[in-house]
């Protein structure tokens, strides 16, 4: 009887271990996926997604604004009739001190679009340097938006600003 008892104990331990692994692996995969995608990213939601991780303002006494005061949302839009994907970009001044921000430069790689983007709103100056609103101030609480079409989404992030 003790041999049967030991066999049953081993079987129970093996089953418990398998159940634990079955629960742990999907959880580990889920957590690793979160670190590579934005928490709002979901194939079932058509929200505009932050293109860069949120950066906490690093204000020094007397600073009116920081790069974190410019929020960039980007998400998919309806494709062109040719099937080329399009994207909507929103650039928002969320400055808490009520400041207008000028000379907004974004890191944008070799940004290009099949669909014309108004150069007064968004223009690539050189590799990885795009300017917003023709360098003019973006008023506090205001949003600029544009659409572009390309086979892939360009990552956009704030490079520098002028308060």
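Read the figures in this text as sums done on the coordinates, not as results from a lab. Remember, predicted model here, so these are calculated numbers, not experimental data. Neighbour counts run over all protein chains shown; Cβ positions are idealised from the backbone, glycine included.
Listing for the model above:
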| item | result |
| --- | --- |
| Sequence of 66, 151 once ranked by neighbouring C-beta atoms within 10 Å, starting from the fewest | 151, 66 |
| Fewest-first sequence of 132, 89 by Cβ atoms within 10 Å of each Cβ | 89, 132 |
| Theoretical gain in end-to-end length, residue 97 to residue 77 [0.36 nm per residue, Cα-Cα removed] | 3.9 nm |
| Residues 69, 100, sorted so that the one with the fewest Cβ neighbours within 10 Å comes first | 100, 69 |
| Full-stretch length increase - residue 143, residue 114 - with 0.36 nm per residue and alpha-carbon distance subtracted | 8.1 nm |
